[in-house]
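In what follows, a single structure is set out as structure tokens and then discussed.
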Amino acid sequence: MSTFNLKINNKTHTVEVADDTPLLWVLRDHLNLVGTKYGCGIGQCGACSVHVDGNVTRSCLLPVSVAKDMDITTIEGLSENGDHPVQQAWKDIDVPQCGYCQAGQIMTASSFLKNNPNPSREDIRNAMHGNICRCASYNSIEEAVKVAAEKMS
Amino acid sequence: MESSNNKIAFSRRSFLKTSALASGGMLIGFNLFNACKENVEMPIDLSTLNYNDFNAFIKISPEGKVTIFAPNPEIGQGVKTSMPMLIAEELDVLWEDVYVVQAPLDTENYKRQLAGGSQSLRLGWEPLRQTGASAKQMLVNAAAAKWGVDASECTAKQGVITNAKGETLGYGDVVLEAAQLEVPEEVTLKDPKDFTIIGQNTSNVDIDKIVTGKPLFGLDYKEEGMVYASVLRPPAFGQLLESFDATEAKAMPGVIDVITIGEKARDYLENHAKDDNYNSWTAQLSKSDKVVVIAKTTWEAINAKKALKATWKDDSTLESTELHDEKLLALLDGTNFKTERKDGNVKKAFAQADKVLERTYESPFLPHNTLEPMNFFASVTADKVRLVGPVQTPEPAANVVSKMLGRDIKQVSVEMTRMGGGFGRRLYGDFVYEAAEISNAIQKPVKMVSSREDDMSTGVYRPAIKYRIAASIKDGKLTGYHLKEAAVNVNMYGLIPNFFPAAAIKNYQVDTANYQSNITTGAWRAPYTNFLASAEQSFFDELAEELGVDRVQLHMDLLENVKKNPEPNIKYSPERLQGVIKLVVEKSNYGKPSEDGVYQGLAVYYCHNTHVAEVADIVMTNGEPIVKKVTCAVDCGIVINPLGALNQIKGGILDGIGHTMYSDFVFDNGVPQSNNFNSYQLIRMGQTPQVDVHFVKNDIAPTGLGEPTLPPIGGAVANAIYKATGQRLTKQPYMNNLQAEEVVS
């Protein structure tokens with residue numbers, strides 16, 4: 001057990017956990033930030049995606065000891081009022097079915113659009129390929145990323 | 001045909017009751033499927049809503065806001081949005097003024113509070129609208145009494161009642177008076193052309209919470225003092241726990257205790273299961289003891305479980321995929337069938353045939369893989385058993401738990417959270433029973449959490465199934481059709497033998513047989529038809545070629561036969577099937593020369609009360625078929641929420657493409673050979689086509705969409721791949737069975 005100061009959504013949180021605890025479970029079990037989801041635990045599904053120093057990262061694979069000095073953003077901190085252009089686009093298109101994967105999809109899309117504000121269809125499909133949606137809402141996700149890009153430009 | 005099936009005998013007075021709330025406002029309780037009991041009391045306090053006698057409640061506040069407390073579980077199919085739309089339409093309020101609250105469930109008598117079979121909307125269509133219309137009439141009657149005029153002189157629209165002089169009262173102004181009135185015996189429902197909410201694109205009512213990551217799902221549910229449990233179950237189907245060593249696990253951080261469970265579940269199986277009528281929901285209860293790590297956090301529980309050392313003993317045969325293949329093929333070759341439907345004389349037709357076309361189609365087991373793994377909260381105390389989480393069947397879950405723990409059913413409550421996918425998996429309550437048994441043992445509130453590996457390798461699977469379909473041809477005409485099913489554990493359910501092509505072919509027979517396995521199987525999105533449609537629709541494509549007739553024409557002609565010889569038992573409408581075929585052919589340009597390198601495949605199907613036709617367009621890229629586009633024509637009657645309907649239709653098609661092309665699930669000595677998404681393929685965005693959806697427009701009562709677009713797509717894809725490669729794929733997943741070297745350009 002060690003003590004870690006984590007900078008999450010512009011606030012510092014102190015937790016006492018084992019060094020190898022994945023950031024995902026620190027967020028969910030210790031800090032009550034349950035918007036970040038557990039799907040596979042091996043970095044294959046993307047449900048646990050968060051931003052670490054601005055880049056999309058699988059929080060299930062990131063040990064807390066590595067995350068300690070980094071700037072972490074979760075779905076809860078993506079925007080003040082749930083009005084990030086990607087969140088708005090998700091609402092415009094009504095993307096979610098069960099909704100479980102969508103926080104991860106939104107975090108992936110928002111990081112991608114920051115680096116590529118004018119993506120082609122292929123860019124979008126490649127960027128979102130790592131996130132599984134078991135309800136297969138892929139057509140809507142693709143459309144929403146396009147709409148978000150338009151909102152941001 | 002649909003509307004007569006939908007009719008449920010009730011009088012409005014007996015299914016709807018009202019009260020004035022102590023806190024102000026009018027409360028309406030209704031029971032959709034049964035008359036309310038004579039002596040039932042309506043609550044006057046929102047904290048005492050009971051769902052034993054009512055399916056749901058509507059509260060109209062003095063401000064005119066409407067809150068619908070609906071316990072129908074949401075698994076992603078949109079009923080939490082679309083069912084309240086039906087009430088709001090006839091109540092005639094602004095959708096913006098409607099709030100939907102997922103109601104907790106107290107157990108005892110609730111009916112049809114399960115999500116499955118795409119039936120929620122079909123069954124609720126009339127009664128939900130009648131409920132809204134009755135409430136509206138009571139509000140109008142109350143306003144008329146206040147004004148001293150006749151109710152027939154008043155109209156109500158968007159929450160406002162207007163009399164002949166043009167005076168107005170809001171719904172909220174008359175709720176207290178309305179609550180005292182008799183429920184009207186007769187109400188008139190709106191003409192569909194006057195709908196203002198039904199037919200409008202309406203967003204998911206939980207959308208704001210979903211996109212901001214609010215706690216909604218079972219896995220997000222927490223209580224003070226709650227601990228976490230990770231369960232070690234037998235690694236192979238057919239094994240039981242022999243012994244274990246928890247020394248190392250107990251020394252790991254956060255671990256509170258290591259216990260075993262299983263005794264209560266066995267007691268239920270031995271002493272109570274036979275009295276209950278839901279064997280199908282409890283078939284997955286294991287006889288084995290299980291080792292449970294109790295820890296302070298999820299990660300610590302899952303991590304410490306890996307340090308357990310257990311030995312297992314074989315209780316029954318450890319089965320492998322080769323064994324299933326052998327057994328199912330032997331059943332198809334044999335004669336030991338149950339005949340599900342028999343028209344004319346298939347034997348004679350085949351004996352007299354010039355030619356017989358016979359093909360065998362094969363499908364693997366499939367796990368559900370809901371993205372939220374199985375989990376449940378249980379808190380067992382001296383006087384209460386509280387269960388909270390994602391389950392599609394709260395009633396059997398509560399009953400089994402009450403018997404397992406020897407509690408009165410009145411002590412057991414089930415609260416349903418939003419579910420991170422269902423697809424059939426959450427019909428089975430094994431995870432509820434485990435959570436209850438664990439909490440009972442440790443006397444603490446506990447959350448049982450399955451890891452992805454647990455979830456995929458100790459599941460309730462879509463059973464492996466094989467079909468052998470044969471057609472007899474005489475003088476160039478189709479004279480007989482014989483379908484044989486060999487399935488693991490359970491065969492197709494009763495209605496399916498009456499689906500198309502039943503009644504279209506004079507000599508027609510459906511036979512079934514099964515092999516009993518120790519691998520747990522159950523419903524998986526569109527049970528049985530999810531593979532049957534692929535098989536039959538592939539067969540019809542080949543049959544048309546064999547007969548030398550156009551594929552579309554073959555279907556149209558067969559459906560013409562049904563129209564000429566109406567048969568009361570068939571479930572589909574030949575006119576509506578012809579309608580979706582015509583629409584899909586027109587919209588997809590099927591049968592016309594298309595772009596270079598695009599190959600099209602057609603499939604047509606009826607299941608879950610909905611008629612669907614689909615065309616898949618594929619291209620070959622580096623010798624691999626890629627589905628570029630799917631055109632889908634759907635006849636589901638009136639479309640209640642087009643936005644939600646499109647989500648269901650497109651999701652069903654893409655889910656179907658993924659599982660028929662890519663997903664495989666193999667057993668070796670009882671052990672599933674895939675346990676996470678690195679060894680099991682689910683469809684991803686780069687593999688998905690655009691889906692172009694067209695509705696047949698009519699005023700027929702609506703039918704569900706959670707399932708019916710999935711089954712035919714496998715057939716459409718296989719038929720397109722045939723055109724591109726010359727290979728008739730009969731075994732799923734297709735991509736494991738496509739011979740690359742035979743690809744034609």
Farthest positive-ward along chain B dipole, Cα basis, beta-carbon charges - from B:GLY714, B:ASN676, B:THR621 | B:GLY714
With the charge dipole of the protein assembly as shown built from beta-carbon charges (+1 for Lys and Arg, -1 for Asp and Glu) about the Cα centre, the Cα from B:SER61, B:THR335, B:THR188 projecting farthest to the positive end belongs to B:THR335
Those aspartates and glutamates that a straight Cα-Cα span of less than 17 Å connects to B:LYS629, excepting residues fewer than 8 apart in one chain = A:GLU122, A:GLU142, A:GLU143, B:GLU586, B:GLU595, B:ASP596, B:GLU614, B:ASP617, B:ASP655, B:ASP692
About the Cα centre of the protein assembly as shown, what is the dipole size in debye to 20, counting +1 per Lys and Arg Cβ and -1 per Asp and Glu Cβ, all else neutral?
-> 660
Hey, can you grab everything whose amide H is under 5 Å from the amide H of B:ARG233? Only 5+ residues off in sequence or another chain; H modelled, so Pro and N-termini drop out.
-> none
In the structure shown, of A:LYS68/B:LYS214; B:LYS327/B:LYS474; B:LYS222/B:LYS296; A:LYS11/A:LYS68; B:LYS59/B:LYS222; B:LYS274/B:LYS338, the pairs separated by more than 22 angstrom at the C-alpha atoms are A:LYS68/B:LYS214; B:LYS327/B:LYS474; B:LYS59/B:LYS222; B:LYS274/B:LYS338
Given +1 on the Cβ of Lys and Arg, -1 on the Cβ of Asp and Glu, and no further charges, what dipole in debye does region B:559-642 carry about its Cα centre, rounded to the nearest 20?
-> 240
By count of other Cβ within 10 Å, fewest leading, how are B:HIS611, A:HIS30, B:HIS272 ordered?
-> B:HIS272, A:HIS30, B:HIS611
Once amide hydrogens are built 1.01 Å from N within the peptide plane, the residues lying 5 or more places from B:GLU319 or on another chain with amide H under 5 Å from its amide H are B:GLY670
Do the alpha carbons of any pairs in A:LYS151/B:LYS190; B:LYS65/B:LYS146; B:LYS17/B:LYS444 sit beyond 31 Å of each other, and which pairs?
-> A:LYS151/B:LYS190; B:LYS17/B:LYS444
Which whole-Hz ³J(HN,Hα) couplings does region A:120-126 yield from phi under the Karplus relation 6.51 cos²θ - 1.76 cosθ + 1.60, θ = phi - 60°, glycine and proline marked x?
-> 7, 4, 5, 4, 4, 5, 5
Phi-derived 3J(HN,Hα) across region A:139-144 with the Karplus relation (6.51, -1.76, 1.60, θ = phi - 60°), rounded Hz, x for Gly and Pro, is 4, 6, 4, 4, 5, 5
Cα shape, chain B, gyration tensor, a/c 1.5 rule | oblate
Just check region B:328-460 against the gyration tensor rule for me: Cα atoms, a ≥ b ≥ c as the square roots of the eigenvalues, rounded for a/c under 1.5, and otherwise prolate or oblate depending on whether a/b exceeds b/c.
-> prolate
Karplus-derived 3J(HN,Hα) from phi for region B:633-644 (6.51 cos²θ - 1.76 cosθ + 1.60, θ = phi - 60°), whole Hz, x at Gly and Pro, runs 10, 10, 10, 10, x, 5, 8, 6, 10, x, 4, x
Centroid-to-centroid separation of region B:338-371 and region B:693-728 [C-alpha atoms, Å] = 20
The distance between the Cα centres of region A:129-153 and region B:484-562, in whole Å, is 36
Kindly identify the protein assembly as shown as rounded, prolate or oblate by the Cα gyration tensor criterion: order the square roots of the eigenvalues as a ≥ b ≥ c, call it rounded if a/c is under 1.5, otherwise compare a/b with b/c, prolate if a/b is larger, else oblate.
-> rounded
Theoretical ellipticity at 222 nm over chain B - DSSP helices of four or more residues, -39500 (n - 2.57) apiece, nearest 500 | -9000 deg cm²/dmol
Using a cut-off of 14 Å between alpha-carbon atoms, which aspartates and glutamates can reach B:LYS355, once sequence neighbours fewer than 8 places away in the same chain are excluded?
-> B:ASP475, B:GLU542, B:GLU545, B:GLU546
How crowded by other chains is B:677-687, given as the mean number of beta carbons from other chains within 10 Å of each beta carbon?
-> 6
Just rank B:TYR605, B:TYR467, B:TYR590, fewest to most, by other beta-carbon atoms within 10 angstrom.
-> B:TYR590, B:TYR467, B:TYR605
Using +1 at the Cβ of each Lys and Arg and -1 at the Cβ of each Asp and Glu in region B:573-745, identify which of B:ALA603, B:CYS636, B:THR660 lies farthest towards the dipole's positive end.
-> B:CYS636
Please report B:PHE195, B:PHE377 as a ranked list, fewest other C-beta atoms within 10 angstrom at the top and most at the bottom.
-> B:PHE195, B:PHE377
Region A:2-77 - charge dipole about Cα centre, Lys and Arg +1 at Cβ, Asp and Glu -1, debye rounded to 20 | 200
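Readers should treat all values here as calculations from the given coordinates under stated rules, not as data from a laboratory. The shown structure was predicted, so the numbers you read here are calculated from the model rather than taken from an experiment. Every residue, glycine among them, receives a Cβ derived from its backbone with ideal geometry; neighbour counts consider all protein chains shown.
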